[in-house]
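All remarks here apply to the structure that follows.
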Amino acid sequence: MNKSACIFCGSAIGNRPQYRQKAIDLAIELVRNNYTLVYGGSDIGLMRVIADTVLSEGGYVKGVMPHLLANREIVHREISEMIFTDTMEERKRVMGELSDCFIVMPGGIGTLDELFEVMTWNQLEISVKPIAIYNVEGYWNDLIKQLDHASAEGFIRQEHRDAIIISEDPAELLSKIAGWHPASSPKEWVEKLKSDTAELHTNLQNQPK
């Protein structure tokens, strides 16, 4: 059965050759596991590396790009299918609808934006799909530490943090995606937040003046 993996990654190539090689390794593993690649449609940076490798391995590639970026002549003209959107927001929505999972490779501001968008979708059950961080050369170590810190400080629920898949090995990454289970539903944690807030408010009201 064919599945689709949405890849978020940099429009730059990065300063280490390992970033390019690991993109190639992931692309090969995607085709081996019968995944269609969904990505941002660009012909530059790691985005091009993974698209070209999937194509060279006989895989299918869907690109999604807003007209704003297409007008800058960075469209990959040789992929299997290209979808154009009117806005960046529509681009993310379409990529999400086309995909069964999300994999985050090294990237910059746009990649971070895409990661946090899909994390929010899962948390609110707008879309509930596996999210995997491909931690090439420890690129995302500091981000992972921040997520752990936010969880320890009570701003990210532990089950939402635990639901994020992390690996530097593409085969392990896809294996974990296949066995992924979502976190608890919003109804459960929203009710807990409401209860905690009400308890705190009551305690503050009962403090001596």
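Odds and ends about this structure:
- Annotation: peptides 154-164, 13-23, 100-110, ranked by per-residue average of other Cβ atoms within 10 Å with the highest first, follow the order 100-110, 13-23, 154-164.
- Pairs of alpha carbons in segment 23-65 whose separation is greater than 12 Å (percent): 49
- Rh (Kirkwood; distinct C-alpha pairs) - segment 7-124, Å: 14.2
- Estimated vicinal HN-Hα couplings, Hz - segment 44-57 in sequence order (Karplus 6.51, -1.76, 1.60; Gly, Pro = x): 10, x, 5, 4, 5, 4, 6, 5, 4, 5, 4, 4, 5, 8
- Our analysis of the chain gives Rg over Rh at 1.05, with the two radii drawn from alpha carbon positions and Rh computed by the Kirkwood formula.
Every number here is computed from the coordinates shown, using simple stated rules; none is lab data. Source: prediction; values computed, not measured. Here the Cβ is made from the backbone with ideal geometry for all residues, glycine too, and neighbour counts use every protein chain on show.
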